[in-house]
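Written below as structure tokens is the structure these notes are about.
Derivation of every value follows stated rules applied to the coordinates shown; laboratory data play no part. As the structure is a prediction and not an experimental result, all values here were calculated from the model. Ideal geometry is used to build each Cβ from the backbone, glycine not excepted, and the neighbour counts take in all protein chains shown.
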Amino acid sequence: MQGSKSAFSEFLESIIIAIILATVIRVFLFQPFYIPSGSMEPTLMPGDRIIVNKLVYRYSEPERGDVVVFKYPLDPEKDYIKRIVAVSGERIEVDDGRLFINYEQVSEHYLPPGLIYNDFGPAEVPAGQYFVMGDNRNNSQDSRIWGPLPRDNFVGKAVIIFWPLNRIGLIQ
């Protein structure tokens, strides 16, 4: 069998191709993340493992309600996850534990029941920036502390919980 590959070289070639594909997928398309804290409860729980779509914001604008992973503005080596509550040009205010965008109250069905959190604003979100907050507002370092988030900090949109098995599903 001259000219044919050995089983070992075929196996090695398959491994190399798999590693290259996995690297391309992780760097450019999808990346798994681990949720270490309760700042996004009840949407995301400590210990959840999620998949982040890193490609989506190349072709569409981030929207209010998206759950996003981003480089923490005070330490870009750290990744954070929060929900976009206001986009560029919007006026944000929290009054008596209620979120108002452009003077209209926003329904936030994803918040923990009975949550009461501190007032904020009013403030306008600058062009090219986003106002992000954790769903567990009393246990979240977010834009109320360090200001609006530049779009350049975005890693991607959180789309799926894949672990633990009893929590598998799309992120709302």
**Q.** Nearest 10 degrees, 0 to 90: helix 7-24 Cα axis against the chain principal axis
**A.** 20 degrees
(Q) Which residue fluctuates most in the GNM of the chain (Cα springs below 10 Å): 127, 86, 158? (A) 127
Q. Lysines near residue 82 by alpha-carbon distance under 25 Å, same-chain residues fewer than 8 away left out - which ones?
A. 54, 71, 157
Q: Please build a GNM for the chain, connecting alpha carbons under 10 Å apart, and tell me which residue among 15, 51, 84 fluctuates the most.
A: 15
Q. What list of ³J(HN,Hα) couplings, whole Hz, do you get for region 85-98 from phi and the Karplus terms 6.51, -1.76, 1.60, once you set θ to phi - 60° and write x for glycine and proline?
A. 10, 8, 10, 3, x, 8, 9, 10, 8, 10, 9, 6, x, 10
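Can you put 9, 143 in order, fewest other beta carbons within 10 Å first?
Working: 9 10, 143 24.
By the 10 Å Cβ count, ascending, the order reads 9, 143.
Please order 110, 80, 130 by the number of other Cβ within 10 Å, starting at the fewest. Mind showing how you got there, number by number?
Numbers: 110 14, 80 24, 130 27.
Listing 110, 80, 130 from fewest to most nearby Cβ atoms yields 110, 80, 130.
Using Cβ contacts closer than 10 Å as the measure, can you line up 101, 116 from fewest to most? All intermediate terms of the calculation are to be shown ahead of the outcome.
Values: 101 17, 116 9.
Listing 101, 116 from fewest to most nearby Cβ atoms yields 116, 101.
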Q) Rg and Dmax of region 33-170 over Cα atoms: what are they, in angstrom? A) 14.3, 41
Q: For residue 85, enumerate residues with amide H under 5 Å from its amide H, sequence gap 5+ or separate chain, H modeled in the peptide plane.
A: 65, 131, 132, 133
**Q.** Mean Cα-pair separation over length for the chain, i.e. relative contact order, pairs under 8 Å, 6 or more apart, %
**A.** 25 percent
Q: Per residue of region 52-67, in order, report the coupling 6.51 cos²θ - 1.76 cosθ + 1.60 (Karplus, θ = phi - 60°) as ³J(HN,Hα) in whole Hz, putting x for Gly and Pro.
A: 10, 7, 8, 9, 4, 7, 6, 10, 8, 7, x, 10, 4, x, 5, 9
